[in-house]
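A.B. asks: One structure, pasted below without further comment.
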Amino acid sequence: NGHKEYLRIDGGKKRIFFDISGTRKNYGDYNDGGGNKIYSSFNKYSYKAQLGFIPSKNHLVYLSYGEYHARDVRYPALQMDEREDNTRLMSLDYKGVNFNKWLKEVKFKVYESSVEHLMDNFYRGMSDTVATYVLVDPINTGGRLEGLLEFNKHKFIVGADYESILKDGTRRKNMIGMMPNAGGSYNIKTEKLWSEAKINNLGIFSEYNSVYGAYELMGVARIDFNSATSD
C-alpha cells in the first residue's frame, strides 16, 4: 500500500512570478512472488519555492529554495536503513542579454546544498550484537559565470565555475555483544568516516564557434585547478 500527493501553485505579473510546490510519498512494505515480505517502506516529503524578478528589460533574476526530507527508509539490499535525511538546496540565478553590439549574453549562478543523513541497523538482526548508526554531514557550494560574445559570424563563450565539497561523518557502534563494563554499560566505538574531507575545483573554459557555408568550426578548451584536503 502506498500513496503520494503533489501540489503546485504558480502565478505572477509582468515583472515578477513565483512557483510553490510540495510533495509527499508514503509507501509500505510488499510481498514478493514467493510470499516473502520485503522491507522497503519509506516516508518522504518536500517543498520548493521559486521567485523570478525582471528588474528591467533584458535582465532576469531567479531565486530558488527547496527542502527534501525522508524518514524511516528501509533498504532491503543494504546492511543499514535510512533513519532520517534532511536536504536543503538554495540557488540564485541571473541572466542578461543584448548588453551591446558584441556582448550578447551573461549568465551567473551561485548555489549551496547541505544534507543531514542518518543511517542505522536497528531493524536488522545484527543490532542485538552491534547497534550501529552513521551520521553524514556534507555541504556543497559553488557558482558559475559565463558570457557570450559575437563578432560577425564568430561566437565566443568564456567563463569560469567553482565548486567546494565538504563532507564529514562519524560511525558509532554500541558493542552489545561484548561484556559490559563494571558499571553495566557497553563499550561504544566512534569512528571517523571522512574527517572533514574537502575538495575544491576551479574551472576556466572557452568555446569558439563559426559557420562557413555548409561547414561549422568549433573549438573548446578547459583547464581545472583541483585540490583536496582532509583532517
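The values are calculated or read from the model by the stated rules, or taken from the named source; none is laboratory data. In this text the structure is predicted, and so the values were computed from the model without any measurement. Methodologically, a virtual Cβ is constructed for each residue, glycine included, from the backbone with ideal geometry; neighbour enumeration extends over all protein chains shown. For the accessible areas, the whole protein counts, side chains as well, though only heavy atoms, and no ligand, DNA or RNA atoms are used. Shrake-Rupley method; radii C 1.70, N 1.55, O 1.52, S 1.80 Å.
A.B. asks: Please find, among E116, E112, E67, the residue that is modelled with pLDDT under 95 and either within 30 Å of L7 (Cβ to Cβ) or not aliphatic (A, V, I, L, M) (or both). Full working, then the answer.
C.D. replies: Numbers: E112 fails: modelled with pLDDT under 95; E67 fails: modelled with pLDDT under 95.
Selected residue: E116, the only one of E116, E112, E67 that is modelled with pLDDT under 95 and either within 30 Å of L7 (Cβ to Cβ) or not aliphatic (A, V, I, L, M) (or both).
A.B. asks: Now for a different question. Residues that are under 20 Å from H117 (Cβ atoms) and of a type in the set (V, I, T): list the strands (runs of 3 or more DSSP E) wholly contained in region 132-231 that include at least 2 such residues. Can you show your working first?
C.D. replies: Values: elements: 154-174, 188-192, 197-212, 215-229.
By residue number, 154-174.
A.B. asks: On to the next question. Got a number for residues in region 63-74 being within 30 Å of F108 (Cα to Cα) and surrounded by 16 or more Cβ atoms within 10 Å (Cβ to Cβ)? Before you say what the answer is, go through the steps one by one.
C.D. replies: Step one: list which residues in region 63-74 are within 30 Å of F108 (Cα to Cα), which gives 63-69.
Those still in the list that are surrounded by 16 or more Cβ atoms within 10 Å (Cβ to Cβ) too: 64, 66, 68-69.
Of the residues in region 63-74, 4 are within 30 Å of F108 (Cα to Cα) and surrounded by 16 or more Cβ atoms within 10 Å (Cβ to Cβ).
A.B. asks: Identify, from the list T132, T141, T87, the residue that is among the polar types (S, T, N, Q), farther than 20 Å from T170 by Cβ and touching a residue at least 12 places away in the same chain (Cβ under 8 Å). Even if it seems obvious, please write down each step before you answer.
C.D. replies: Numbers: T132 fails: farther than 20 Å from T170 by Cβ; T87 fails: farther than 20 Å from T170 by Cβ.
Selected residue: T141, the only one of T132, T141, T87 that is among the polar types (S, T, N, Q), farther than 20 Å from T170 by Cβ and touching a residue at least 12 places away in the same chain (Cβ under 8 Å).
A.B. asks: Could you go through region 119-138 and let me know if any residue there is of a type outside the set (K, R), at pLDDT 95 or above and either open to solvent by 30 Å² or more (accessible area, probe 1.4 Å) or over 29 Å from I176 (Cβ atoms) (or both).
C.D. replies: The initial filter retains those residues of region 119-138 that are of a type outside the set (K, R), namely 119-123, 125-138.
Pick out the ones that are also at pLDDT 95 or above and you get none.
Taking every residue of region 119-138 in turn, none turns out to be of a type outside the set (K, R), at pLDDT 95 or above and either open to solvent by 30 Å² or more (accessible area, probe 1.4 Å) or over 29 Å from I176 (Cβ atoms) (or both).
A.B. asks: List pairs: first residue in region 2-17 and over 29 Å from P55 (Cα atoms), second residue among the small types (G, A, S) and not in a strand (DSSP E or B) anywhere in the structure, Cβ distance under 9 angstrom, at least six positions apart or on different chains.
C.D. replies: Qualifying pairs under 9 Å: G2/G28; G2/S41.
A.B. asks: Turning to a different aspect of this structure: Take the conditions over 30 Å from V97 (Cβ atoms), in contact (Cβ under 8 Å) with a residue 24 or more places away in the chain and open to solvent by 70 Å² or more (accessible area, probe 1.4 Å) and apply them to N31. Does it pass? Give the steps one after another, and end with the answer.
C.D. replies: Working: over 30 Å from V97 (Cβ atoms): yes; in contact (Cβ under 8 Å) with a residue 24 or more places away in the chain: no; open to solvent by 70 Å² or more (accessible area, probe 1.4 Å): yes.
So N31 does not fit the description; no.
A.B. asks: Okay, next question. Quick one: which residue in K109, K101 is open to solvent by 60 Å² or more (accessible area, probe 1.4 Å) and not in a strand (DSSP E or B)? Break it down into steps so the answer makes sense when it comes.
C.D. replies: Working: K109 fails: not in a strand (DSSP E or B).
Result of the check over K109, K101: K101.
A.B. asks: Test S40 against the stated conditions and say whether it is assigned to a loop (DSSP other than H, G, I, E, B), under 30 Å from G96 (Cα atoms) and of a type in the set (G, A, S). Working first, answer last.
C.D. replies: Working: assigned to a loop (DSSP other than H, G, I, E, B): yes; under 30 Å from G96 (Cα atoms): no; of a type in the set (G, A, S): yes.
Taking the combined requirement at face value, the residue does not satisfy it.
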